[in-house]
Amino acid sequence: MNPLDGLTVVSLEQAVAAPFATRQLADLGARVIKVERPDVGDFARGYDETVRGMASHFVWLNRSKESVCLDLKSEHGKDSIQTLVRNADVFVQNLAPGAAERLGLGSDELRRVKPELIHVSISGYGPGGPYSTKKAYDLLVQCEAGLVSITGTPDEPSKVGISIADIASGMFAYSGVLTALIQRDRTGEGATIEISMLEALSEWMGYPLNYAMYGGTAPQRTGARHASIAPYGPFRCGDGNQVFLGLQNEREWATFCAEILDDPAIAADPRFLRNSLRVSHSRELQAEIERAFSAWSAETVAKRLEAAGIANAILRDMHDLAEHPQLEARGRWFDYESPVGSLRALVPPATFVGMKPVMGPVPGVGEHTEAVLTEFGIASAAAELPN
């Protein structure tokens, strides 16, 4: 048994946020029926062709789903999705603001017919307010949430390298569905869940927001360093490579000075006595550390740090991640199918001991249309055309 076996999800989804939420439900055993546009499907299918002709975003977000193509501008399409939703436990949508309501798929309409339905809507800024109809792409939400302002170097702000606003909202949608299922089990009532990308990402901005609201100034952009902890980040070694390290408390700082810098007296230097002082004198601190590191290669520094119990990391690129020894040792890779053959993906991080996640195939556009429509007693669109 998988935790969500028997749960049916109908998702009118596109891009990243909603597909990420529903893929996680599918990994746990839920049946996810993905409703797509005829012929072209989810526009994320066309983002790139890097996975043997398929888009990297799409294969990541859409395994284990059934693809049903419906023309929602037609009466057949509208009637068909209504029938699918009436037979579902969960309905998820991330269309443009107001589009679901215009299609008769708003929460009020659907839950009037089926009160136990869990209805999830993901939008950029949420209904109501001056931004409710504003277009919301991941980069733009990163800007509105202030993330770009604290990311990058002192000279130039930068976005995060992944679709973090989409991912944040997808995670809250996923956890919201799980919470609603518990509530429904207790009360018999479904739920209406609204997820705003801005609000999801703003929740993740709690530390810098508090820092600015109560400290008077926002954390400064520090590249790969930390705005409020030192030493923390990359340091150059004698071979020209960098090792990353992080100290969390004064005990570790004393150990670092004695066992790594071989100079216990530095721990008592008035510039470095406590974390806030080390942050204020970060340039001098960096010089002291890199002077000591200049005698060793990055690999040697990392080994010394590990032996001393100091947190450290080697900067890896995507190819290194694909061959990471820890992921390999823990058996975190799984082969699954797609229209372009077998692909390799990481097993979902929430490990249920004794259970294997579903990790089924990535569907082709409309691959399951006829089978699903037949199962639910819906005539195909072709069958309704006049002779």
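The values are calculated or read from the model by the stated rules, or taken from the named source; none is laboratory data. In this text, all values refer to a predicted model and were calculated from it rather than measured experimentally. Note that we place each Cβ from the backbone using ideal geometry, even for glycine, and neighbour counts take in every protein chain shown.
When Asn2 is tested against the conditions (1) more than 17 Å from Val372 (Cα to Cα); (2) assigned to a loop (DSSP other than H, G, I, E, B); (3) in contact with a helix residue (DSSP H, G or I) (Cβ under 9 Å, 6 or more places away or on another chain); (4) in the same structural domain as Gly106 (by TED's automatic domain parsing), the lone failure is (4).
State all residues of region 52-96 that are among the acidic types (Asp, Glu) and within 18 Å of Ala30 (Cα to Cα); if no residue qualifies, say none. Show your work before the answer.
Here is the first cut: in region 52-96, the residues among the acidic types (Asp, Glu) are 66, 71, 75, 79, 89.
Glu66, Asp89, listed by residue number.
The criterion of at least 1 residues that are under 30 Å from Arg304 (Cα atoms) is met by the following strands (runs of 3 or more DSSP E) wholly inside region 151-260: 232-236, 242-246. Here region 177-207 is the region considered, the condition is being over 15 Å from the mean Cα position of the chain (by Cα) and within 22 Å of Glu101 (Cα to Cα), and the residue that is surrounded by the most Cβ atoms within 10 Å (Cβ to Cβ) is Val177.
Residues of region 14-57 that are among the charged types (D, E, K, R) and within 20 Å of the chain's Cα centre (by Cα): Arg23, Asp27, Lys34, Asp42, Arg45, Asp48. If you scan region 280-326, which residues turn out to be among the hydroxyl-bearing types (Ser, Thr, Tyr), in a loop (DSSP other than H, G, I, E, B) and either without any contact (Cβ under 8 Å) to a residue 40 or more places away in the chain or not assigned by TED's automatic domain parsing to the domain that holds Phe244 (or both)? Those that are among the hydroxyl-bearing types (Ser, Thr, Tyr), in a loop (DSSP other than H, G, I, E, B) and either without any contact (Cβ under 8 Å) to a residue 40 or more places away in the chain or not assigned by TED's automatic domain parsing to the domain that holds Phe244 (or both): none in region 280-326.
Based on this model, can you work out whether Ile167 counts as among the β-branched types (Val, Ile, Thr) and under 24 Å from Leu273 (Cβ atoms)? So Ile167 fails the test. Filtering region 113-150 to residues that are basic (Lys, Arg) and modelled with pLDDT of 95 or more leaves only Lys114. For region 130-150, a tally of residues being in a helix (DSSP H, G or I) and within 16 Å of the chain's Cα centre (by Cα) returns 4. Exactly one residue among Arg86, Arg111 is surrounded by 13 or more Cβ atoms within 10 Å (Cβ to Cβ), within 19 Å of Thr187 (Cα to Cα), in the same structural domain as Ala173 (by TED's automatic domain parsing) and of a type in the set (Lys, Arg), and that residue is Arg111. Among residues of region 347-381 being modelled with pLDDT of 90 or more and of a type in the set (S, T, N, Q), the one that is farthest from Ala21 (Cα to Cα) is Thr374.
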